[in-house]
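Colleague: Here you go, one structure.
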Amino acid sequence: MADSASSPIMKNDTKSNSDHENVVEKLEASVLESPKCKRDFQSSLSDSDSVCAEGETVSKKASYGDRISKVLPKLWKLLPPNVCNTFPQLDSVPKPILKLMKDAEDIVLNLNSVTSNGDERKLRNDAERALTSIQGVLDHTWEQLNTGHWRDVPLVHRHVFSIASLVKILSLLQSQAGGEETLLRLALKAADMGLLLGAPLPPPNECLDLTVAASVLSTSLAQVIDQSGSESDSIIPVEKPAVPFIPTGLVGSQIQELFCPSIEKFRVDHFNPKVPVKIKGCMLHWPAFKKWCDIGYLQRVAGARTVPIELGSHYAHTDYSQKLMTIADFIEQHVVGGKLGYLAQHQLFEQVPELRADICEPEYCCLSDDSIQIDEPASDGTDINAWFGPAGTVSPLHHDPKHNLLAQVVGSKRILLFPPEASAALYPHSDRLLSNTARIDPEKPDYEQFPLFKNIAPPVECNLEAGEMLYIPPRYWHHVRSLSTSFSVSFWWK
Amino acid sequence: MIEKSHFQKISRPLTACTALKMTLYYCGWNGCGQVKGHPIVISTPTVVAVDGSIESVSCSWSVLSVATRKSLSMTGFVGNQHGVSKQITLGDGSNAVHVSSCLNHSLIVNDKGKCFDYNLETDTLRPLPKFTSAEYTDEEADTLDDTIVRVSCSDYSNLALTKSGKVFTIPSPISLPKLVVTNVSCGNEHCLLVTQCGSVFTWGNGSRGQLGHGDLEPEESPRIVDALAGVAVSQISAGAWHSAVVTSSGDLYTWGWGSDGQLGIKEEDGEGNEHPAKRRKQKIDSQLLVVEEREEKFRGTVQAFPLPVETPADVEQVSCGSRHTLVLLVDGTIFGCGWNAYGQLACSPDVCTRSPELRKILLPDSNTRISRIQCGGWSSCFFL
């Protein structure tokens, strides 16, 4: 079905396919429920109406399936031929699951080879069957991933999740089950779920790279959205909150500032002796420094990408929960909408290479220090995490095992810093998993419950503005609050 | 014994209706061909042909096992194929009286109290060597009836229960001095048992609160659920990561992971509408919960000790699937909550993919009086 635009199915795809769309929607809902996605489904059913309702001109639309037919060959390249047989690790996967995955893969391969003038009804039934089967594989594998501790789950289940995610993407795009934009969105969501829960396959199947799949889908989706005329050129500036933040609790001494220090100076004065410092003037060349001030840019590049969002006051609070949502939904509800929510400590730049291109790893990260002991398995290079949210997000007082450069790209943050020696007076949680987090809240200290905190030396305080970086030495306690809409990038290295 | 009430209740109609055709309804996941000639998702309960009166039914993700007075059949993924139906003969002219299936195998008990293991992948039946008497003292060996009456298996554990109330993690006995166990049930990572006096014990992994001890710690051996002290529990059922029990007065309690609403306790809708479960949850070590929720990959509420669930009438029986819960009430109605992506709550996933509140389950023939429910995997069975 290279040219599905000529397929009669598509002529009245708004009504006659509704049953089939239900199947897709239902499947999707079983993984993830997104209001945005639901809306997209609705709007895809009455595309022209919704555009008119928004008072915009109905722009010319590419013929249906045009983009998808361009995207599909790129995605097919990612599926290793005969992966179920060339991946010996799969032997440990329960046979009924493996069989179902193979069946789905066979159907999808078969769909690909059938021309558009085949028996439509059969093709649609086949696509539906492949989708339901592969969703069953994904759902069952999800259960396997949730059995036992996440870190103890056999890697092969994550491999299966990756493979099944790609098969789902291919099934969706060949299903003709919805409008082009809808299918691309669902496929992209499947790719992101695969990236979040799956794992890259080892050779010879390393070509199954969901990062590539997601990029291809994301690019194509952006073109579709662009063509439909919505969301383009809408610059959403970052605004300061109406009520400025008034510091409560402890006020610290201002942090030392340096303008573009040499690596040697940084090493001798700060890295080696583990002294925090604010570094100015070192990230003005980042493309992100300009681009990300326009939230519309983030919407366009990554709006349809699914990411984990932390809800609630902060991660150690009882109201804490985590939710998957698209960046577009997150921006709408939380960043612009102002509801508390935090895209925190997420390896966004591995997931979205387009955004990785907007930032530069600081040269200071090449310094190394072998003295720190890290419990986690050694990982090479620098961990780059994104921290994006509205004013008022808080990371409670905690420390991390690695060197940390916190680069403020958009907005501002207030950070309070306590040296490792202060640990006893900060009352760390006794539980192992939270032992790096203090029970004391420096913004609202409870001196009765935590008397040692009364006599503590004043912390170092840092107001980090866009374009500035903060060096936080390993094990240095830090409390972080965003004072405006804020996008920071942290670099952790050993 | 847990089944006692049911045996009593159905013993009368049973004698009268042995000649009648037995009815078994099935809904939910059919991806392994558990019910031939039907789509992968069965959201309207479908009649499965059964020959003779049903002794025991078990469904897992991959297979539907039905033991009747005449035969034992496994349908689904059998012998490395989907959609295969096998009749299994136990030999000696004996009949299966209880069956429990998981992804790869089934445990079977025959009317002589012997235990069999059936490997679904290889389609091979193996009588298990007698393991029950090994640890008894001489005195016990003389007095105890060590025939097996029930089995329960999951992908990670296999339990057997003897007529005298001893429990085995096949083949090793579980030490429970002076306790007479009346039923056992396996979840994905945890197990439940109930004693003659109505006490509930749990053990295994507690990371989703499924043990009901108020924390998320694992327990190596059965530990009594203190929160249920004072109520006599008559019936138990373990889901993949949740647990449900019914008391002798017909009350339902659930605990564990409410990832899909399977606890039957309406969650707050994310807009800050607190509900009792949430508040009570904070009484236990909230920090642990927080961390666990961080770990568990993006989903769910963890309820680490039993909470009562309101039901329209007294509960007669509860049965848990992987992520759903069904109750049969004394008035004969059936209600369910939890995951419905594959129709396991007997309604179309288009209507709802998960129900955090108990919703009524309707069978195609409203005159059918159901006397047993049996859930497993993503499926539900209803039968007379």
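Read-outs throughout are calculated quantities, based only on the coordinates presented, and are distinct from any laboratory measurement. Given the structure is predicted, the values throughout are model-derived calculations rather than measurements. Cβ placement follows ideal geometry from the backbone for every residue including glycine, while neighbour counts extend to all protein chains displayed.
Colleague: When the C-alpha atoms of region B:314-384 are aligned to their principal axes, what extent does each axis show, in angstrom, from largest down?
Modeller: So the extents along the principal axes, rounded to whole Å, are 27, 21, 19.
Colleague: How many partner chain Cβ atoms sit within 10 Å of a residue's Cβ in peptide A:129-140, on average, as a whole number?
Modeller: Neighbouring Cβ atoms belonging to other protein chains average 4 per residue here.
Colleague: Above 13 angstrom, tally the Cα pairs of region A:76-125 and express them as a % of all pairs, no decimals.
Modeller: Counting every Cα pair in region A:76-125, those more than 13 Å apart make up 65 percent.
Colleague: Quote the FRET efficiency, to the nearest 0.05, computed for A:HIS285 versus B:GLU121 with a Förster distance R0 of 51 Å and r equal to the Cβ-Cβ distance.
Modeller: Approximately 0.30, to the nearest 0.05.
Colleague: First measure r as the distance between the Cβ atoms of B:THR147 and A:THR86, then evaluate 1/(1 + (r/R0)^6) with R0 = 35 Å and state the FRET efficiency to the nearest 0.05.
Modeller: Here the calculated transfer efficiency is 0.10.
Colleague: Right, another one. Among B:60-71, B:149-160, what's the highest-first ranking by average C-beta atoms within 10 angstrom per residue?
Modeller: Peptide ranking by packing, descending: B:60-71, B:149-160.
Colleague: While we're on this one: Under the definition of partner shielding as Cβ atoms of other protein chains within 10 Å of a residue Cβ, what is the mean value for peptide B:186-195?
Modeller: 1
Colleague: With the contact rule set at Cα under 8 Å and sequence spacing of 6 or more, what percent relative contact order holds for region A:156-209?
Modeller: Reported as a whole number, the value is 48 percent.
Colleague: Could you tell me which of the pairs A:LYS454/A:LYS494; A:LYS290/A:LYS413; A:LYS168/A:LYS291; A:LYS95/B:LYS114; B:LYS86/B:LYS114 are separated by over 23 angstrom between their Cα atoms in the structure shown?
Modeller: Correct reply: A:LYS454/A:LYS494; A:LYS168/A:LYS291; A:LYS95/B:LYS114.
Colleague: Run the quick spin-label model on A:ASP431 and A:THR211: label points 7 Å from Cα toward the beta carbon, then report their separation in nm to one decimal.
Modeller: 3.3 nm
Colleague: Here's a follow-up. Could you compute the FRET efficiency for A:GLN223 and B:VAL351, with r as their C-beta to C-beta distance and R0 at 35 Å, rounded to 0.05?
Modeller: Step by step, r from the Cβ atoms, then E = 0.50.
Colleague: Sticking with this structure for a sec: Are any of the pairs A:LYS99/A:LYS189; A:LYS74/A:LYS402; A:LYS274/A:LYS323; B:LYS112/B:LYS360 more than 27 Å apart by Cα-Cα distance, and if so, which?
Modeller: Violating the 27 Å limit, Cα to Cα: A:LYS74/A:LYS402; A:LYS274/A:LYS323; B:LYS112/B:LYS360.
Colleague: At what distance in angstrom do the alpha carbon centres of region A:466-492 and region B:28-64 lie from each other?
Modeller: Rounded to whole Å, the Cα centres lie 56 Å apart.
Colleague: Something else now. What length, rounded to one decimal in nm, is gained on full extension from A:ASP369 through to A:LEU311, with 0.36 nm per residue of separation minus their alpha-carbon distance?
Modeller: Length gained, A:ASP369 through A:LEU311: 17.4 nm.
Colleague: Ordered by packing density, taken as the mean number of other Cβ atoms within 10 Å over each peptide's residues, highest first, how do A:194-200, A:348-354 rank?
Modeller: Taking the mean over residues of other Cβ atoms within 10 Å, the ranking is A:194-200, A:348-354.
Colleague: Now for a separate question. Using the per-residue mean of other Cβ atoms lying within 10 Å as a proxy for protection, in what order, highest first, do the peptides A:181-193, B:208-220 fall?
Modeller: A:181-193, B:208-220
Colleague: In peptide B:339-345, how many Cβ atoms from other protein chains are near each Cβ within 10 Å, on average?
Modeller: Neighbouring Cβ atoms belonging to other protein chains average 3 per residue here.
Colleague: Evaluate the charge dipole of region A:63-228 about its Cα centre and quote only its size in Debye, nearest 20, assuming +1 on the Cβ of each Lys and Arg and -1 on the Cβ of each Asp and Glu.
Modeller: Dipole about the Cα centre, nearest 20: 60 debye.
Colleague: If you wrap a convex hull around the C-alpha atoms of region A:63-228 and split its volume per residue, what is the figure in Å³?
Modeller: Here the figure is 104 Å³ per residue.
Colleague: OK, next. For region A:63-228, what is the relative contact order in percent, using Cα pairs closer than 8 Å and at least 6 residues apart in sequence?
Modeller: Here the relative contact order equals 29 percent.
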